[in-house]
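The values are calculated or read from the model by the stated rules, or taken from the named source; none is laboratory data. Fair warning: this is a prediction, and the values are worked out from it, not measured in the lab. Positions of Cβ are backbone-derived with ideal geometry, glycine not excepted, and every protein chain shown enters the neighbour counts. Quick note on the areas: whole protein, heavy atoms, side chains included, nothing else; ligands and nucleic acids left out. Shrake-Rupley method; radii C 1.70, N 1.55, O 1.52, S 1.80 Å.
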Amino acid sequence: MHEELFPNKPLETKMDLHNNTFGMNFYRELLPGIHRQFFEKSFFIDGLEKKMKEAKVLKNLDDNFEGFLVYLDEK
């Protein structure tokens, strides 16, 4: 809804929607272990930090980096 109310440039929108989907999928991956480690923030943060180190630069609308976070190169 945010993307519809406050539109960005197409590449920024693609990045936002991609990372939103990534986040929902990452949460689903963690669900089986949450009952044991729900209050241990490292359970979530350690995995997310690893994913951040593996993030890919989104350069055009045709890029497809499923399973990875993406970011824009601000050069």
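Quick notes on this one:
- Nitroxide proxy distance, nm - points 7 Å out along Cα→Cβ at residue 27 and residue 73: 3.2
- Inter-label distance, residue 49 to residue 5: 3.4 nm, where each label sits 7 Å from its Cα along the C-beta direction.
- Amide H contacts of residue 56 (H built 1.01 Å from N, in plane; Pro and chain starts excluded): 69, 70, 71 sit under 5 Å, all sequence-distant by 5 or more or on other chains.
- The lysine pair tally for the chain, using Cα distances under 26 Å and a gap of 8 or more places or different chains, is 22.
- Probe 1.4 Å, accessible area per residue of the chain, Å²: 83
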